[in-house]
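The values are calculated or read from the model by the stated rules, or taken from the named source; none is laboratory data. These numbers come from a predicted model, not from an experiment. Because the Cβ atoms are built from the backbone with ideal geometry, glycine has one as well, and the counts that use them run over all protein chains shown. Accessible surface is based on the protein model in full, side chains and every heavy atom, while ligands, DNA and RNA are left aside. Shrake-Rupley method; radii C 1.70, N 1.55, O 1.52, S 1.80 Å.
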Amino acid sequence: MTHKILLGALAAAAILGAGAAQAQTLNDVKNRGNLRCGTNTGLAGFAFPDANNVWQGFDVAYCRAIAAAVLGDPMKVDFVPLTSQTRFTALAAGEVDVLVRNTTWTFVRDVDLKFTFAAVNYYDGQGFMVRKDLGVSSAKELDGAKVCIETGTTTELNLADFFRSNGMSYDPVPIETNAAAQQQYLAGACDVYTTDVSGLAATRASFADPQNHVILPEVVSKEPLGPLVRHGDDQWADIVRWVSNALVAAEELGITSANIGELKANGHPNPEVNRLLGREGDLGAMLGLDANWAVRAISAAGNYGEIFATNIGEGTPIGLARGLNALWTQGGLQYTPPFR
Amino acid sequence: MATTTPDYRQGSFRLSMLIYDSRYRAITIQIVFLMLLMAGFAWLVDNTIQNLRALGKDFSYRFLWQSAGYDINQTLIAYNSTMSHARAMVVGLLNTILVAVMACALATVLGVLAGVLRLSNNWIVARLMTIYVELFRNIPTVLWILIFFSVMAISMPEPRAFRGEAATASMLVFDSVAITNRGVYIPEPVFDRSLGDLDLRYFKVSVDLLAIIAALIASSWASGRIVARANRIQEETGIRPATWWLRLAVWVLPVAALLSALGFHLVKPVLPETGIPNFQGGIHMRNSLIALWLALSVYTGAFIAEVVRAGILAVNRGQTEAAVSLGLRPTLTMRLVILPQALRVIIPPMISQYLNITKNSSLAIAVGYMDLRATLGGITINQTGRELEAMLLMMLIYLALSLTISSLMNVYNARVKLKER
């Protein structure tokens, strides 16, 4: 008996000890030869395995760009599907190197949960979806409604605040994953489904009858979504941040996956393009990578605009407009610090 | 002749005797293992502290007093999103206890019925019970929970089906019970002349409920006196007076009088004609509660059936034959002779089953039932990031809950077990 207890204790200790190695994520990733990327368990347009079991989507493209910059191959990514409940524990325990999972940048997550948000890849806000035949045209008419929510998200808190500040009552139906919430909503077990507007659009696009569902006009919160890493490894945080910035800068500078080869070979009159593509200066070495890091990151899935357009843009079933996510030069919020 | 034979009884103690002397060896081994175990624990704790430090986290329960910020749909005590995480934890704990108690009661009824019927001489009944037991105990609990939940959510009518001229669904039992895909709405007891609530600072207790409980306790005492008197008369005269009508009156009349004095009546759930179609009023038993309750009950009921069957079979067949030869009917034989003896075998494994129900109720998150695991162990962890603290606290609470159930059942076990004098 004592033997068993001792062995059990040792096994438990080995598990608890697994997350110990902390610094130098870059070396870990290079030695391992693949990037462990935490993603959604399945959200159309953002992260989902396609018919050939290859992960596709907006968030997935970020994982691929980071893997391309660090390892030279966009396919060297180990996708770890995480629920909203398990994502932070997985990142804190070192199970994933980076979390790109429609995660809202908040004070508590940044400061108290000890994470570093590297960038904002999608400016979002929480909205409500109802069936058309409910006859509701504003979220202010939802008094007494049953509301399906994905539990463990900021939506839960925004929802409580919204209904309380408007003096309305509601009945929350907490659900663990987006897929299960979808089922409950479609079965009519709740009147309303709430999550970020991008998630609502993605969810609605996967319905058999998207035209019978309407997203209400109210957006009740700010949800800046972006990739995040653990506190304490600034080099790794810098890599994730500047890969994201490179994608936005590429769109701003007119670098696309189509012309990047030519620009890399022949150069460009704008020195910032040359610095970004490693023809001038040694930005790559400062990050601990080689000179071609940004070329590979941009070639992986294109620049920010291309990633947006192929995965969730107006030409896709998700059909999201650029809106706040247009470049700053076009009235949006996507803006990158200079590459110099 | 002088001898040099050493005197073993008073021989000096040598260190090697700890291993080679059988008197000490067992103790030595135990002490070494204990030290290793403690070293292992110390290493675990130290490792955890180091890892927390590496992550830059401290260990603190201050988060419990912060505002929770989230709403809970089923609350047995007053709660809103501005209250603390500790309050949310208590709400979750009460929900856990509620479903555990409901499931223990139903599982016991189902289990005892199925256990007794499985021994029935009627071939069909016995085989049906075998099918029940084998079907339910061989499929994981969580699947049963999901099955019940899906059946409720998908096959029951939506509340809107109850509305308007062309309603396709209707309420049952004099328009008082509505079974919808959002749960079951049943009438709610309301007191017109309520005695109010007793404010105990952290929560309120209905004085009406306390009064009813007091009346029931008084009835129980009076009923006990009536039986005692009947026993005495039987001892003295050999004739047992009929007591059933007296006892019935003692149980029913005081409570009925109290209820009518309090202005007791039932309020039916109603569907408003306009606005969002959701029933108002009445008690709302959510799908999650019903699914969890039924699934835990039928699953554990199958195990209890086997425990009961084993208990009955453990009673010597001679007991039955003796009872029959005294002229007792089969139902009386079961009630007066077999079951009291079988209880001695049944109770100890039943304790485990009750503990299982309580612990399995933590699967509630699968259907979004807001139990302790979903509040403290789910949303609170997610919003505060205090995994270690919350998990330790949750383990402690489940441990305390299980030990309480266990000790209560042990008290009962001590009452029914064979008295050895």
Subject >> Qualifying trypsin sites (Lys or Arg not before Pro) for the stretch B:2-110 [loop in DSSP, other Cβ within 10 Å: at most 14] >> reply: B:R9, B:R14
Original post:
Placing +1 at every Lys and Arg Cβ and -1 at every Asp and Glu Cβ, with all other atoms neutral, what dipole size does the stretch A:126-221 have around its Cα centre, in debye to the nearest 20?
Top reply: 160 debye
Original post:
With contacts defined as alpha carbon pairs under 8 Å and 6 or more residues apart, what's the relative contact order of the stretch A:126-221 in percent?
Top reply: 49 percent
Original post:
Counting only other chains, what is the mean number of Cβ atoms within 10 angstrom of the Cβ of each residue in peptide A:133-142?
Top reply: 1
Subject >> Burial order of peptide ranges A:159-166, B:333-340 (average beta-carbon count within 10 Å, highest first) >> reply: A:159-166, B:333-340
Original post:
Taking +1 at the Cβ of each Lys and Arg and -1 at the Cβ of each Asp and Glu, which of B:A105, B:N360, A:F46 sits farthest along the dipole of the protein assembly as shown towards its positive end, judged by Cα position relative to the Cα centre?
Top reply: B:A105
Original post:
In the protein assembly as shown, what percentage of the DSSP-assigned beta bridges are antiparallel, given to the nearest 5?
Top reply: 65 percent
Subject >> Proximal charge balance of B:R225 [Cβ under 15 Å; K/R count +1, D/E count -1] >> reply: +3
Original post:
Where in the stretch B:184-274 are there trypsin sites (Lys or Arg not before Pro) that are in a DSSP coil and have at most 13 other Cβ atoms within 10 angstrom of their Cβ?
Top reply: B:R193, B:R201
Original post:
Looking at chain B, which longest stretch skips every one of the chymotrypsin sites (Phe, Trp or Tyr not before Pro) that is in a DSSP loop with at most 12 other Cβ atoms within 10 Å, leaving the sites themselves out?
Top reply: B:203-421
**OP:** Provide the FRET efficiency to the nearest 0.05 for the B:A310-B:V227 pair, computing r from the beta carbons and using R0 = 35 Å.
**Re:** 0.65
Original post:
Considering the stretch B:1-120, what Rg and Dmax in Å follow from its alpha-carbon atoms?
Top reply: 30.3, 96
Subject >> Heavy-atom accessible surface that B and A bury in contact, both chains counted, 1.4 Å, Å² to 100 >> reply: 3800 Å²
**OP:** Compute the signed sum of charges (Lys and Arg +1, Asp and Glu -1) over the other residues within less than 13 Å, Cβ to Cβ, of B:V307.
**Re:** +3
Original post:
Could you give the alpha-carbon Rg of the stretch A:126-221 over 2.2 N^0.38 Å, rounded to two decimals?
Top reply: 0.95
**OP:** Kindly provide the chymotrypsin sites (Phe, Trp or Tyr not before Pro) of the stretch A:310-340 that DSSP labels as loop, not H, G, I, E or B, and whose Cβ sees at most 16 other Cβ atoms within 10 Å.
**Re:** A:Y335
Original post:
Given +1 on the Cβ of Lys and Arg, -1 on the Cβ of Asp and Glu, and no further charges, what dipole in debye does chain B carry about its Cα centre, rounded to the nearest 20?
Top reply: 1220 debye
**OP:** Can you give me the three principal axis dimensions of chain B from its C-alpha atoms, in Å, biggest first?
**Re:** 118, 77, 47
Subject >> Point-charge dipole on Cβ atoms (K/R +1, D/E -1) for the protein assembly as shown, about Cα centre, debye to 20 >> reply: 3500 debye
Original post:
Under a plain spin-label model, where a point goes 7 Å from the Cα along Cα-to-Cβ, how far apart in nm are B:L326 and B:F59?
Top reply: 6.1 nm
Original post:
Per residue of B:56-68, what is the mean number of Cβ atoms on other protein chains within 10 angstrom of that residue's Cβ?
Top reply: 1
Original post:
Beyond 35 Å, what percent of the Cα pairs of chain A remain?
Top reply: 27 percent
Subject >> Helical mean residue ellipticity (222 nm; -39500 (n - 2.57) per DSSP H run of 4+; nearest 500) of the protein assembly as shown >> reply: -16000 deg cm²/dmol
**OP:** Identify, among A:V220, A:A285, A:T316, the residue whose Cα sits farthest towards the positive end of the charge dipole of the stretch A:182-340, taking +1 on the Cβ of Lys and Arg and -1 on the Cβ of Asp and Glu, with the dipole about the Cα centre.
**Re:** A:A285
Original post:
Can you give the average number of partner chain beta-carbon atoms within 10 Å of each beta-carbon in peptide A:79-91, as a whole number?
Top reply: 1
Original post:
In percent, how large is the relative contact order of chain B, given Cα pairs closer than 8 Å and 6 or more residues apart?
Top reply: 21 percent
Original post:
Roughly how many whole Å is it from the C-alpha centroid of the stretch A:101-167 to that of the stretch A:171-200?
Top reply: 12 Å
Subject >> Alpha-carbon radius of gyration plus Dmax, which is the widest Cα pair, for the stretch A:256-340 in Å >> reply: 14.5, 42
Subject >> Hull-based mean projected area of the protein assembly as shown, where the convex hull spans the alpha carbons, in square nanometres >> reply: 53.3 nm²
Original post:
Using a 1.4 Å probe, what is the accessible area per residue for the stretch A:126-221, in Å²?
Top reply: 33 Å²
Subject >> Reciprocal mean inverse distance between Cα atoms of the stretch B:217-376 - Kirkwood radius, Å >> reply: 21.3 Å
